[in-house]
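The values are calculated or read from the model by the stated rules, or taken from the named source; none is laboratory data. Since the structure is predicted, the reported quantities are computational estimates derived from the model, not experimental observations. Cβ sites come from the backbone with ideal geometry, for glycine too, and all protein chains shown count toward neighbours. For accessibility, only protein heavy atoms count, side chains too; no ligands or nucleic acids. Shrake-Rupley method; radii C 1.70, N 1.55, O 1.52, S 1.80 Å.
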Amino acid sequence: MVVKLDKVDVVVVGTGWAGGVVSAELSKAGYKVVALERGKNITRSDYIGVKDELRYTNRYEMMQNLSTETITSRNYIDEVALPVRTRKEVMVGTDLGGGSVHWAGATYRWKPYDFEIRSKTIERYGKDKIPKDMTIRDWGITYDEMEKYYDQWEKTAGISGEPDPIGDKRSSDYPNPPMKSSPAVNLFMDTTKKMGYHPYRVAAGNLSQTYTNPDGETLNQCMFCSFCTQYGCDFGAKSDPLVTVIPTAVKTGNFEARTGAYVRRVIYKNGKATGVLYSDTMTGEEFEQPADVVVLAAFTFANNRLLLLSGIGRPYDPKTKKGVIGRNFNGQFNITFLGARGYFKNKKFNYYMGAGALGGTMSDFAGDNFDHSNLDFINGGGIELRQYGDGAIATNHVPKGTPAWGPEFKKNSIYYANRSLNIWYTMATMSYWHNFVDLDPTYTDSFNDPLLRITYKYTDQDRNMAKFGIEKCQEIMEEMGADIVDVDEVPDEFDHIYDGGHYAGGVIMGDDPETSAVNNYLQMWDVDNLFVVGGSAFPQFAGHHPTATIGALGYRASEGIIKYFKNGGQLVEAEKKSRVV
Amino acid sequence: MADKPTDVNGKNDMSRRAFLKNSGLVAGGLVGGSLVGGLLTNQFQQKPTETENKHMSGGLQEARVFINRAEDFAILSAATERIFPKDDLGPGAIELGIPFFIDKQLASEWGTNSKEYMKGPFITNIKSTGNHNVSRDQDSQGPNAGTQVPSPTPRYQSILNRGEIFTVGLRKIDQVAQDDFGARFVDLEPDQQDEVLRMFEEDKVEMKGIGSANFFYLLLQTTIEGAYADPVYGGNKDMMGWRMKEYPGPRMSYLDTIEDEEFIKMEPESLRDYQGH
Ligand SMILES: Cc1cc2nc3c(=O)[nH]c(=O)nc-3n(C[C@H](O)[C@H](O)[C@H](O)COP(=O)(O)OP(=O)(O)OC[C@H]3O[C@@H](n4cnc5c(N)ncnc54)[C@H](O)[C@@H]3O)c2cc1C
Ligand code: SF4
């Protein structure tokens, strides 16, 4: 028996940055908001005293329990997809705050080029530069329009940083100065500067000083304690939804976060979403939560899956290339984090210290910052040296040629534990008609609902760009004075490892309802009161980390929802009309 | 049609037997006649030797909670010691308590795969049960190998959980030792032990339900974890692993030292120190 609850103004599925921003903005505006989160209730005290590499880094303590639900994966349309079974192979956030709690904090804005990639590529290089199978799109929104949302998110999150010297217009500086640097980061910065590039310190969600954000939430200064990525911060010094948007929402008195609430369907009647159906994970009871507006902010996988399971929107069919939901699946997978590792025989770094986003970076080979006329790919990526602060299990890097075990391995892994540095190319991924998601015909979750199936293969575009980036990383590492420089090989094929949490697409944004699912307010073209927020909206992936863009889209969506409450209907048509008037 | 979970992904699949033949193992003389389908002898009924007993005595965390047979534990001890041997840098696997660490891990939710997706159908062909854990082959993949090894199917497709894989794997190690070298694994010379382990590493041993390389990489991964995880899990005894690496353990803050040019060596502290018990 499904228990029907009292109606609220807005129900939000998921409590990461996407769901958190929307919850805070709507409850501040006076609407009654309920956020449903499948995972546990979490507070800072859950992290105090638990700096445990085995439990968090190697056993993925904070990631989704896959025994109830996972994804299936294949490369080609004629293959059978197999389930991705272990947490070593897929990282998906869960619990209050979601993956946005165990993120590292590296913060980038995407470029004007990224938002209008199709037109800008054609404009500069001609139509033929875009391969026939590539399905990249303009977003239906420009960087200039996005700027204020980026700005708002950076202020809420208290980002510490300095501007990219060859970056784009900003309406204001980062709210906090950049973090302290370290010798390893300085070495990267000095070397790349000498080489004629434009390095700068990675903008960080790890705070360089104590800071109170515009909503009145106070964040603490980062301690460089190094237990950051894949961990919650026990100092309240990493910007996440638990120390920013969620408490802001709670303070309004209009907000309730309900944890252990696993959403299974969006309820959909006569062209409108009327609420969601969820199961209480502690009791197994089923509830219907009615609402005037439904917001899906459950990260890429769940956003796609919930729409497909609920029969909302036209599913994408790769054979006819028609339909929308599941189209343009994209993201930064393994090939997008390749580069070079340098081993220094006579130099030791305090590499056990660090913070998630402590690092140096440069965008000289990102986006369209460099001429692609004679290159066999479009777009590019950032080059980063990060000092996360590696644990003792993590620092087992040895030069090529060292056996993987035995006496020589032991000797080298100990010798180089504090003597190796890594640089990588965080390259972009373009979308293709053959990379998509749909429902798996065989494998099911614990409710016997089909799992989400991912079909993804690399293309020459990916391999060529990776090769280009690896060479650049190698040059820099050699210039940095490493005695041994090992480089990554470009893999032939995608290996079904979904780590790092940068998966996107499927419910993409655009200006054409034939090929996009949501308009530039993240409102579904087909369902006016359903907003789908998060990386699922990216039509393709830029060459930088995604979260600032997800946060910014959260603000954009919030503005849209408030407009929708006032005027109803399709916001983008409404805008166009008002422009004509 | 394409959606039926049969052997479809094993497009260029070879049967395990053909694979063994093609790999020249038999011809290479390593295997003798009995690699495939060798008989269990009475080795498991034997009493633990003196060395085994020595390995099992010691601190309070040193009692088995997963592995029942002392013989299995002795094989585990000997194998991990070859992977992480004692040398002039410091202790090896046994002294660090790594076999006890692994035993405890196998009893944990990780060992029972309780947070992994273990619903069928399972497809177990050579590709899916084979080496899905090659995360350290950086000679062919490079320093980020851990995140980018190409493989034709998603990796872990075994119906066995990790505890079961270890049980099967440890016994297989002994069987291969008997078949190919005529003695129990623990009694082989170190380089013979290495040879046996290398056969697993190179996926040249036939196992049921899991590729031998897969088992080997689990063994390798847990051995390294046992050397360097917090001592609370039974390995990294007295923080000797951390001391070899000059790793300080969990600390509150490096705010005052993050900019220092000089390498800073500290006496390590554990979670126990950090939590202030
Ligand atoms: C280890 C790691 C490091 C990272 N580092 C960086 C970085 O340095 N820089 C960067 O830009 N990005 C980084 N990321 C990516 C970043 O974490 C994500 O981009 C971001 O968290 C996405 O926010 P979100 O709100 O869309 O999703 P999430 O934060 O994942 O929130 C989604 C929420 O929805 C909930 N949910 C899902 N399904 C359901 C359901 N059916 N019912 C109820 N609730 C549900 C989930 O439990 C989760 O809480 C990193 C990711 C990982 C894994
Ligand atoms: S490094 Fe900084 S932000 Fe990260 S967990 Fe430690 S104190 Fe928090």
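Considering each residue of the stretch A:394-419, count those that are more than 7 Å from every other protein chain (Cβ to nearest Cβ), open to solvent by less than 20 Å² (accessible area, probe 1.4 Å) and free of Cβ contacts under 8 Å to residues at least 24 places away in the same chain, and give that number.
Of the residues in that region, 4 qualify.
Inside the stretch A:277-332, can you point out the residues that are surrounded by 23 or more Cβ atoms within 10 Å (Cβ to Cβ), closer than 21 Å to A:TYR521 by Cβ and basic (Lys, Arg)?
Correct list: A:ARG327 only.
For the stretch A:67-77, state whether one or more residues are farther than 27 Å from A:THR459 by Cβ, within 11 Å of ligand 1 (Cβ to nearest atom) and in contact with a Ser or Thr (Cβ under 6 Å, 6 or more places away or on another chain). If you could, list the steps in order and put the result at the bottom.
In the first step, residues of the stretch A:67-77 are kept if they are farther than 27 Å from A:THR459 by Cβ; the result is A:67-69.
Right, trim to within 11 Å of ligand 1 (Cβ to nearest atom) and you get A:68-69.
Among the residues that remain, those that are also in contact with a Ser or Thr (Cβ under 6 Å, 6 or more places away or on another chain) are: A:68.
Looking through the stretch A:67-77, at least one residue is farther than 27 Å from A:THR459 by Cβ, within 11 Å of ligand 1 (Cβ to nearest atom) and in contact with a Ser or Thr (Cβ under 6 Å, 6 or more places away or on another chain).
Checking the conditions here, which among B:ASP273, B:ASP238, B:ASP230 is farther than 21 Å from A:SER181 by Cα, of a type in the set (Asp, Glu) and in contact with a helix residue (DSSP H, G or I) (Cβ under 6 Å, 6 or more places away or on another chain)? First the steps, then the outcome.
Details: B:ASP273 fails: in contact with a helix residue (DSSP H, G or I) (Cβ under 6 Å, 6 or more places away or on another chain); B:ASP238 fails: in contact with a helix residue (DSSP H, G or I) (Cβ under 6 Å, 6 or more places away or on another chain).
B:ASP230 is the lone residue from the list that is farther than 21 Å from A:SER181 by Cα, of a type in the set (Asp, Glu) and in contact with a helix residue (DSSP H, G or I) (Cβ under 6 Å, 6 or more places away or on another chain).
Just one of A:ILE71, A:ILE42 is open to solvent by less than 30 Å² (accessible area, probe 1.4 Å) and either within 16 Å of ligand 2 (Cβ to nearest atom) or facing another protein chain (nearest Cβ under 8 Å) (or both); which is it? Break it down stepwise before answering.
Working: A:ILE71 fails: either within 16 Å of ligand 2 (Cβ to nearest atom) or facing another protein chain (nearest Cβ under 8 Å) (or both).
Exactly one of A:ILE71, A:ILE42 is open to solvent by less than 30 Å² (accessible area, probe 1.4 Å) and either within 16 Å of ligand 2 (Cβ to nearest atom) or facing another protein chain (nearest Cβ under 8 Å) (or both), namely A:ILE42.
Could you tell me which of the residues A:ASN58, A:ASN65 is facing chain B (nearest Cβ under 8 Å), in contact with a helix residue (DSSP H, G or I) (Cβ under 8 Å, 6 or more places away or on another chain) and open to solvent by 10 Å² or more (accessible area, probe 1.4 Å)?
Answer to the check: A:ASN58.
Test A:LYS180 against the stated conditions and say whether it is within 14 Å of chain B (Cβ to nearest Cβ) and either in contact with a His (Cβ under 7 Å, 6 or more places away or on another chain) or outside any helix (DSSP H, G or I) (or both). First the steps, then the outcome.
Numbers: within 14 Å of chain B (Cβ to nearest Cβ): yes; either in contact with a His (Cβ under 7 Å, 6 or more places away or on another chain) or outside any helix (DSSP H, G or I) (or both): yes.
Here the answer is yes, as A:LYS180 does meet what is asked.
Just the residues that are buried (at least 19 other Cβ atoms within 10 Å of the Cβ), in a loop (DSSP other than H, G, I, E, B) and touching a residue at least 12 places away in the same chain (Cβ under 8 Å), please, taken from the stretch B:169-226.
B:ARG184, B:ASP203, B:LYS204, B:VAL205, B:MET207, B:ILE210, B:GLY211
Please specify each residue of the stretch B:234-247 satisfying the condition of being open to solvent by less than 40 Å² (accessible area, probe 1.4 Å), over 20 Å from the mean Cα position of the chain (by Cα) and more than 7 Å from every other protein chain (Cβ to nearest Cβ).
B:MET239
Determine if the stretch A:98-106 includes at least one residue that is closer than 28 Å to A:GLY381 by Cβ, buried (at least 24 other Cβ atoms within 10 Å of the Cβ) and within 12 Å of chain B (Cβ to nearest Cβ).
no
Would a scan of the stretch A:238-248 turn up a residue that is part of a strand (DSSP E or B) and near ligand 2 (Cβ under 9 Å from one of its atoms)?
Within the stretch A:238-248, the subset part of a strand (DSSP E or B) is A:238.
Keeping just the survivors that are near ligand 2 (Cβ under 9 Å from one of its atoms) gives A:238.
Within the stretch A:238-248 (the criterion being part of a strand (DSSP E or B) and near ligand 2 (Cβ under 9 Å from one of its atoms)), the answer is yes, since at least one residue qualifies.
Where in the stretch A:323-438 are there strands (runs of 3 or more DSSP E), lying fully within it, with 3 or more residues that are over 20 Å from A:HIS544 (Cβ atoms)?
Of the strands (runs of 3 or more DSSP E) lying wholly inside the stretch A:323-438, those with at least 3 residues that are over 20 Å from A:HIS544 (Cβ atoms) span A:337-343.
Working only within the stretch B:60-94, note down all residues that are in a loop (DSSP other than H, G, I, E, B), among the small types (Gly, Ala, Ser) and either more than 10 Å from chain A (Cβ to nearest Cβ) or open to solvent by 20 Å² or more (accessible area, probe 1.4 Å) (or both).
Going residue by residue through the stretch B:60-94, those that are in a loop (DSSP other than H, G, I, E, B) are B:60-69, B:84-86, B:88-89, B:91-92.
Subset that is among the small types (Gly, Ala, Ser): B:63, B:92.
Within the stretch B:60-94, just B:ALA63 meets the criteria.
Inspect all residues belonging to the stretch A:178-192 and state whether any of them is more than 16 Å from ligand 1 (Cβ to nearest atom), in contact with a helix residue (DSSP H, G or I) (Cβ under 7 Å, 6 or more places away or on another chain) and among the polar types (S, T, N, Q). Please lay out each step first, then the result.
Within the stretch A:178-192, the subset more than 16 Å from ligand 1 (Cβ to nearest atom) is A:180-184, A:186-192.
The next check asks that each one be in contact with a helix residue (DSSP H, G or I) (Cβ under 7 Å, 6 or more places away or on another chain); those that pass are A:191-192.
From what's left, among the polar types (S, T, N, Q): A:191-192.
Yes, there is a match, as at least one residue in the stretch A:178-192 is more than 16 Å from ligand 1 (Cβ to nearest atom), in contact with a helix residue (DSSP H, G or I) (Cβ under 7 Å, 6 or more places away or on another chain) and among the polar types (S, T, N, Q).
In the list A:ARG118, A:ARG109, A:ARG137, A:ARG170, which residue meets the criterion of being within 16 Å of ligand 1 (Cβ to nearest atom), open to solvent by 10 Å² or more (accessible area, probe 1.4 Å) and more than 14 Å from chain B (Cβ to nearest Cβ)?
A:ARG109
Cβ-Cβ under 9 Å, sequence separation 6+ or interchain: first residue in the stretch A:456-482 and within 23 Å of A:LYS345 (Cβ to Cβ), partner among the acidic types (Asp, Glu) and open to solvent by 50 Å² or more (accessible area, probe 1.4 Å). Which pairs?
If the second residue must be among the acidic types (Asp, Glu) and open to solvent by 50 Å² or more (accessible area, probe 1.4 Å), the pairs left are A:ILE470/A:GLU489; A:MET480/A:ASP190.
Pairs under 7 Å by beta carbon, first residue of a type outside the set (A, V, I, L, M) in the stretch A:75-88, partner buried (at least 21 other Cβ atoms within 10 Å of the Cβ) and outside any loop (DSSP other than H, G, I, E, B), six or more apart or different chains?
Between residues of the stretch A:75-88 that are of a type outside the set (A, V, I, L, M) and residues that are buried (at least 21 other Cβ atoms within 10 Å of the Cβ) and outside any loop (DSSP other than H, G, I, E, B), the close pairs are A:PRO83/A:THR72; A:PRO83/A:TYR443; A:PRO83/A:LEU451; A:ARG87/A:MET63.
Report yes if A:GLY501 is part of a loop (DSSP other than H, G, I, E, B), crowded, with 24+ Cβ neighbours inside 10 Å, within 16 Å of ligand 1 (Cβ to nearest atom) and within 14 Å of another protein chain (Cβ to nearest Cβ), otherwise no. Spell out how you get there, then give the answer.
Numbers: part of a loop (DSSP other than H, G, I, E, B): yes; crowded, with 24+ Cβ neighbours inside 10 Å: yes; within 16 Å of ligand 1 (Cβ to nearest atom): yes; within 14 Å of another protein chain (Cβ to nearest Cβ): yes.
So A:GLY501 fits the description; yes.
Could you list, in sequence order, all residues of the stretch A:479-498 that are at pLDDT below 95, more than 7 Å from every other protein chain (Cβ to nearest Cβ) and either in contact with a helix residue (DSSP H, G or I) (Cβ under 8 Å, 6 or more places away or on another chain) or assigned to a loop (DSSP other than H, G, I, E, B) (or both)?
A:VAL490, A:PHE494, listed by residue number.
Which one is farthest from ligand 2 (Cβ to nearest atom), of the residues in the stretch A:203-237 that are within 14 Å of chain B (Cβ to nearest Cβ) and outside any loop (DSSP other than H, G, I, E, B)?
A:ALA204
Considering each of A:TYR498, A:TYR564, A:TYR503 in turn, give the residue that is more than 22 Å from the chain's Cα centre (by Cα) and among the hydroxyl-bearing types (Ser, Thr, Tyr). Step through it out loud before you land on a result.
Values: A:TYR498 fails: more than 22 Å from the chain's Cα centre (by Cα); A:TYR503 fails: more than 22 Å from the chain's Cα centre (by Cα).
Of the residues listed, the single one that is more than 22 Å from the chain's Cα centre (by Cα) and among the hydroxyl-bearing types (Ser, Thr, Tyr) is A:TYR564.
Report whether or not A:GLU559 is at pLDDT below 95 and not aliphatic (A, V, I, L, M). Step through it out loud before you land on a result.
Working: at pLDDT below 95: no; not aliphatic (A, V, I, L, M): yes.
No; evaluated as a whole, the condition is false for this residue.
More than 14 Å from chain B (Cβ to nearest Cβ), open to solvent by 10 Å² or more (accessible area, probe 1.4 Å) and either free of Cβ contacts under 8 Å to residues at least 12 places away in the same chain or not acidic (Asp, Glu) (or both): is that true of A:LYS272 in this structure? Steps first, answer last, please.
Numbers: more than 14 Å from chain B (Cβ to nearest Cβ): yes; open to solvent by 10 Å² or more (accessible area, probe 1.4 Å): yes; either free of Cβ contacts under 8 Å to residues at least 12 places away in the same chain or not acidic (Asp, Glu) (or both): yes.
So A:LYS272 fits the description; yes.
Test A:ASN270 against the criterion of being in contact with a helix residue (DSSP H, G or I) (Cβ under 7 Å, 6 or more places away or on another chain) and away from ligand 1 (no atom under 15 Å from the Cβ), and give yes or no. First the steps, then the outcome.
Working: in contact with a helix residue (DSSP H, G or I) (Cβ under 7 Å, 6 or more places away or on another chain): no; away from ligand 1 (no atom under 15 Å from the Cβ): yes.
So A:ASN270 fails the test.
Output the number of the condition that A:ASP9 fails; it satisfies all remaining conditions of (1) touching a Ser or Thr at 6+ places or on another chain (Cβ under 7 Å); (2) part of a strand (DSSP E or B); (3) more than 10 Å from ligand 1 (Cβ to nearest atom).
Answer for A:ASP9: the failing condition is (1).
Going through B:PRO231, B:PRO250 one at a time, which residue ends up being crowded, with 18+ Cβ neighbours inside 10 Å, more than 8 Å from chain A (Cβ to nearest Cβ) and modelled with pLDDT of 95 or more? So that I can check it myself, show each step before the final result.
On the way: B:PRO250 fails: more than 8 Å from chain A (Cβ to nearest Cβ).
Being crowded, with 18+ Cβ neighbours inside 10 Å, more than 8 Å from chain A (Cβ to nearest Cβ) and modelled with pLDDT of 95 or more holds for just one of B:PRO231, B:PRO250, which is B:PRO231.
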